[in-house]
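Taking it in order: structure first as structure tokens, then the write-up.
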Amino acid sequence: MSLNIIVLAKQVPDTRNVGKDAMKEDGTINRAALPAIFNPEDLNALEQALHLKDANPGSTITLLTMGLPRAAEIIREAIYRGADSGIVLTDRVLGGADTLATSYSLAQAVKKFGNYDIILGGRQAIDGDTAQVGPQIAEKLGIPQVTYAEEILDLKDGFVTVKRRLENGVETVKAPLPCVVTVNGSAADCRPRNAMRVQKYKFAVSPSEVAKLTDRQKEIVENRPYLQLQEWGAAFVDADPEQIGFAGSPTKVKSIENVVFTAKESRVLDDDDAAIEDLVKELIANHTIG
Amino acid sequence: MANFYTDNPDLRHHLTHPLMEKIVALKERDYTDAEKYDYAPLDYADAQDSYDKVLEIVGEICGDIIAPNAEDVDHQGPRVENGRVIYADKTQENLDACRKAGLMGMAMPRRYGGLNFPITPYIMAADIVSRADTGFENLWGLQDCAETIYEFANEEQKQKFIPRVCQGETMSMDLTEPDAGSDLQSVMLKATEQPDGTWLLNGVKRFITNGDSDIHLVLARSEAGTKDGRGLSMFIYDKRDGGVNVRRIENKMGIKGSPTCELTYKNAKAVLCGNRRMGLIKYVMALMNGARLGIAAQSVGVSELAYREALAYARDRKQFGKAIIEFPAVYEMLSVMKAKLDASRSLLYACARYVDIYKIYDDIAKERSLTPEERKESKYYSRLADALTPLAKGLGSEYCNQNAYDCIQIHGGSGFMKDYACERLYRDARITSIYEGTTQLQVVAAIRHVTTGTYLSLIREYEAEAVKPELQSLKDRLIAMTAVYAEAVDKVGSVEDTAYGDFMARRLVEMAGNIIMGHLLVLDANRTDSFTRSAEVYCNIAQAEVTKHSEFIKNFAPAEIAAYKVD
């Protein structure tokens with residue numbers, strides 16, 4: 001059975017290597033100071049999608065991302081790994097969106113896209129850490145959602161079976177298609193870029209990127225439709241201006257604080273293995289380690 | 001998130017050598033493949049961009065997967081169950097990553113599903129992989145056995161086997177036997193022709209790297225009753241046909257992740273590759289030259305890791321109130337390591353470029369006849385490749401062993417413990433100067449280029465290249481060393497005594513190698529400033545070595561050999 005798979009992904013600043021200029025005076029992220037990368041858990045989601053495609057020949061994977069026009073970079077990254085095509089949802093009026101406006105805009109794009117069997121996305125993006133967008137999209141589309149997915153175990157007869165990674169163990173659930181599945185960082189790493197695909201798709205560009213190509217490259221893109229990435233605007237996806245961008249975003253950042261843990265109390269442990277084991281378990285449970 | 005390609009700008013320097021433009025244009029037949037294949041380059045810049053992007057994938061897999069797996073692979077190693085090899089878990093993970101990334105069959109033509117890379121960027125990938133895990137480089141690097149199938153097998157065999165290699169099936173070259181190591185003429189594995197034209201193989205092979213591979217190249221005796229190399233032919237054995245089992249795998253000192261197998265052939269069905277009787281004299285020689293370049297790359301990768309490990313430790317380790325890198329005894333060792341690393345890498349890529357040109361001409365000659373100029377050029381580069389391959393393998397592998405030794409020395413007592421990577425790379429390095437022909441056999445291959453003057457004329461060409469004024473004094477010193485070398489060659493040549501000539505061969509070959517590498521580093525420094533330090537340090541090493549050998553030869557009377565001869 002061939003599937004129409006949508007992978008939701010985001011280009012994010014690489015917050016894993018944060019310097020002191022990572023944040024602007026107003027508390028928002030200084031995107032210019034940080035390299036832009038493929039949100040890590042979205043790569044985990046892409047791997048699950050590729051896995052489904054491997055098992056269901058003829059399936060197609062479309063990457064959908066909202067952001068600046070340069071977000072086409074992560075579409076190419078996804079195509080190098082095995083995705084088929086991608087759409088950048090980009091428009092000035094979409095800027096400044098919180099999770100509510102973002103999920104509305106993306107849900108509109110999904111509706112415009114139409115026929116799909118399953119939507120996959122990372123659990124959360126490393127720039128906001130909210131984990132809200134995936135679930136909100138499912139709500140807006142009126143379809144089921146499975147969160148914290150670690151592995152898609154099976155997909156057949158209109159149902160998907162998913163292993164979820166929870167705080168103290170795993171849970172296996174079954175959901176009817178279509179549905180949204182958000183994938184956890186503990187899922188399998190995404191496969192590497194493929195050498196042949198990198199060469200085949202390196203000129204895959206969105207309309208706003210065409211200008212940077214040479215004439216010969218433009219000709220190549222014109223003759224090879226699979227190199228033409230799509231760029232959609234707010235009007236194209238029939239978005240209500242009141243529900244997008246700043247206007248559609250009730251969340252306002254009031255202030256940003258740098259929180260430093262100041263707890264000072266100390267504990268004396270018994271000098272035996274059991275006490276150490278208890279402490280390690282406690283530290284794992286409260287996420288201090290692990 | 002390490003990337004072993006992008007973190008090493010020296011690689012890009014070699015990849016963008018001026019000769020590459022010619023190599024790529026020839027390889028891509030003036031970029032006419034772009035009409036037929038959607039992943040073929042449009043022009044030179046596009047091709048370079050593709051090499052760069054693909055090597056970035058190699059660098060990422062090496063930094064993120066293969067290198068972090070190396071310790072586990074070294075500890076777990078492969079095992080044999082029911083005649084089959086089971087790789088260490090993480091070896092399998094490495095192979096899967098390379099397959100998914102499409103890094104197999106890199107140098108094979110596009111019509112068989114390959115990437116059509118020239119040898120130079122392919123060898124660069126080997127250099128990078130070896131730094132991540134030397135033993136794994138063997139498994140991955142055996143893909144260049146496909147080159148032998150491409151060059152000598154018939155079209156049906158090429159279509160059957162090469163696409164499978166490009167899809168990730170592994171290969172092995174089954175040459176060595178219990179009584180045929182360096183002396184392959186003694187191979188006894190018996191090949192018997194069947195009425196349908198296929199052959200049955202019977203006998204034993206030993207020390208076969210990745211001996212349970214999917215596709216084997218096998219050297220066997222097709223001519224019953226013969227005893228020398230002229231009775232040997234090359235066969236292709238497909239594991240899917242069965243008949244070859246792994247009896248045991250060796251318990252080795254290093255490269256433990258790479259299974260070294262003893263194989264038993266019981267009526268194993270195989271097909272003849274190329275012509276009968278040409279197995280050793282033509283095909284194995286070609287195969288070995290490719291494999292030797294591979295070991296040269298493997299050696300450079302080990303040297304790179306040794307230098308990096310030593311440098312990091314020397315910066316970090318404090319004694320007597322300061323980092324040990326501040327002590328002359330330590331920083332001298334480090335700069336000598338770097339100079340040897342840079343010298344052997346420059347030689348490796350010079351050699352790879354020469355191999356590229358003549359091999360591409362060989363390939364073009366299958367499509368059309370070469371012009372007289374092309375034939376002349378092909379012959380010229382073929383000779384240079386033949387001359388530099390044993391130097392790159394012989395001296396590069398010795399340098400990597402020296403660097404691995406110094407790496408441990410810089411770590412002091414900690415280096416002797418199993419806690420640091422340096423002890424693994426010390427063990428891994430050791431095989432490089434032994435397999436695919438020992439250093440002593442590389443000298444045998446190289447010495448004729450001393451006597452026929454290939455090295456000297458190459459040195460003269462390097463001398464003719466203009467360099468920046470600030471590099472002139474280094475060049476002048478190399479010119480002076482060459483006079484000393486030429487004198488030593490004359491002295492040894494003037495004595496008509498084979499034993500004396502063999503006795504002195506190593507010294508002459510090393511002198512030639514030192515001078516050639518000196519010139520290559522000066523030319524590197526001429527193009528990229530960061531090589532100047534290594535050029536200076538290496539010229540000091542080269543001058544001392546050349547002087548040492550020259551003095552030895554000068555002061556040595558042929559009759560003195562008697563004092564060395566051990567019964």
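No value in this document is a laboratory result; all are computed from the given coordinates. Please read all numbers here as calculations on a predicted model, not as lab measurements. With ideal geometry, Cβ positions are generated from the backbone for all residues, glycine too; neighbour counts draw on all protein chains shown.
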Subject >> For the stretch B:196-286, alpha-carbon Rg and Dmax in angstrom >> reply: 13.6, 44
**OP:** Before rounding to the nearest 500, sum -39500 (n - 2.57) across all DSSP H runs of length at least 4 in chain B and divide by the residue total; then give [θ] at 222 nm in deg cm²/dmol.
**Re:** -19000 deg cm²/dmol
Original post:
In Å, the Kirkwood hydrodynamic radius of the stretch B:397-456 over pairs of distinct alpha carbons?
Top reply: 13.1 Å
**OP:** State to the nearest 20 debye the size of the charge dipole of the protein assembly as shown about its Cα centre, where the only charges are +1 on K and R beta carbons and -1 on D and E beta carbons.
**Re:** 1520 debye
Original post:
Rounded to a whole number of µm²/s, how large is the Stokes-Einstein D of the stretch A:147-290 at 10 °C and 1.306 mPa s, given Rh as the Kirkwood radius over C-alpha pairs?
Top reply: 72 µm²/s
**OP:** Give me the Debye-computed log₁₀ of I(q)/I(0) at q = 0.05 Å⁻¹ for the protein assembly as shown, equal point scatterers on Cα only, no solvent, two decimals.
**Re:** -0.34
**OP:** Output the Cα-based Rg and Dmax of chain A in Å, rounding Rg to one decimal and Dmax to a whole number.
**Re:** 21.1, 74
Original post:
If each residue's Cβ is checked for other Cβ atoms within 10 Å, how do B:Thr120, A:Thr147 rank with the fewest at the top?
Top reply: A:Thr147, B:Thr120
Subject >> ³J(HN,Hα) computed for each position of the stretch B:315-321 - Karplus, 6.51 cos²θ - 1.76 cosθ + 1.60, integer Hz, glycine/proline x >> reply: 6, 8, 6, 10, 9, 6, x
Subject >> Linear extension gain, B:Asp502 paired with B:Glu463, 0.36 nm per residue minus alpha-carbon span >> reply: 11.2 nm
Original post:
Can you run phi through the Karplus equation (6.51, -1.76, 1.60; θ = phi - 60°) for the stretch B:283-289 and list ³J(HN,Hα) in whole Hz, with x for Gly and Pro?
Top reply: 6, 5, 4, 5, 4, 5, 4
**OP:** Give the residue from A:Ile220, A:Gly233, B:Ala488 lying farthest towards the positive end of the charge dipole for the protein assembly as shown; charges sit on Cβ (+1 for Lys and Arg, -1 for Asp and Glu) and the dipole is referred to the Cα centre.
**Re:** B:Ala488
**OP:** With viscosity set to 0.890 mPa s and temperature to 25 °C, compute the Stokes-Einstein D of the stretch B:279-436, Rh being the Kirkwood radius across alpha carbon pairs; µm²/s, no decimals.
**Re:** 142 µm²/s
Original post:
In which sequence would B:Cys166, B:Cys351 go, from the one with the fewest C-beta neighbours within 10 Å to the one with the most?
Top reply: B:Cys166, B:Cys351
**OP:** Subtracting the Cα-Cα distance from 0.36 nm times the residue separation, let me have the gained length for B:Ile364 to B:Met285 in nm, one decimal.
**Re:** 26.3 nm
Original post:
How far is helix B:119-132 tilted, in degrees, relative to the longest principal axis of the Cα atoms in chain B, given as a value from 0 to 90 rounded to the nearest 10?
Top reply: 80 degrees
**OP:** Return the long-range amide H neighbours of A:Ile37 (sequence gap of 5 or more, or a different chain), with a cut-off of under 5 Å between placed amide H atoms.
**Re:** A:Val12, A:Asp14
Subject >> Shielding by partners, peptide A:187-194 (average Cβ within 10 angstrom, other chains) >> reply: 5
Original post:
In whole Å, what is the distance between the alpha-carbon centres of the stretch A:1-79 and the stretch B:145-166?
Top reply: 39 Å
Original post:
With axes computed from alpha carbons, what is the tilt in degrees of helix B:328-367 against the longest principal axis of chain B, rounded to the nearest 10 within 0 to 90?
Top reply: 40 degrees
**OP:** Sort all Cα-Cα distances of chain B into consecutive 10 angstrom bins from zero, then give the percent of pairs in each bin up to the one containing the longest distance.
**Re:** 3, 17, 28, 28, 18, 6, 1, 0
Subject >> Alpha-carbon Rg with Dmax, taken over the stretch B:1-85, Å >> reply: 18.3, 52
Original post:
On average, how many beta carbons from a partner chain sit within 10 Å of the beta carbon of a residue in B:38-44?
Top reply: 4
Subject >> P(r) histogram, all alpha-carbon pairs of the stretch A:1-117 included - 10 Å bins from 0, percent >> reply: 13, 40, 32, 12, 2, 0
**OP:** Would you mind listing how long the stretch B:472-567 runs along its three principal axes, going by Cα atoms, in whole Å with the largest first?
**Re:** 51, 25, 17
**OP:** Determine, from the Cβ-Cβ distance of B:Lys548 and B:Phe416 and an R0 of 22 Å, the FRET efficiency 1/(1 + (r/R0)^6), rounded to the nearest 0.05.
**Re:** 0.15
Subject >> Table column - 3J(HN,Hα) (Hz), the stretch A:20-25, Karplus curve with 6.51, -1.76, 1.60, x for Gly and Pro >> reply: 6, 9, 6, 10, 7, 3
**OP:** For the stretch A:82-129, evaluate the Debye formula with one uniform point scatterer on each Cα (no solvent term) and list log10 I(q)/I(0) at q = 0.22, 0.24, 0.31 Å⁻¹, rounded to two decimals.
**Re:** -1.06, -1.21, -1.35
Original post:
How far is helix A:99-113 tilted off the main Cα axis of chain A, in degrees rounded to 10, range 0 to 90?
Top reply: 40 degrees
Subject >> Rel. contact order, % - alpha carbon contacts under 8 angstrom, at least six apart, the stretch A:66-135 >> reply: 27 percent
**OP:** With the Cα gyration tensor of the stretch A:107-226 in hand, convert its eigenvalues to equivalent ellipsoid semi-axes via √(5λ) and list them largest first in whole Å.
**Re:** 34, 18, 15
Original post:
Anyone know which of A:Ala204, A:Ala195, A:Ala22 comes out most mobile in the 10 Å Cα GNM of chain A?
Top reply: A:Ala195
Original post:
If you take the C-alpha gyration tensor of the stretch B:236-280, multiply each eigenvalue by 5 and take the square root, what semi-axes do you get, largest first, in whole Å?
Top reply: 26, 15, 9
Subject >> DSSP beta bridge pairing in the protein assembly as shown, given as percent antiparallel to the nearest 5 >> reply: 60 percent
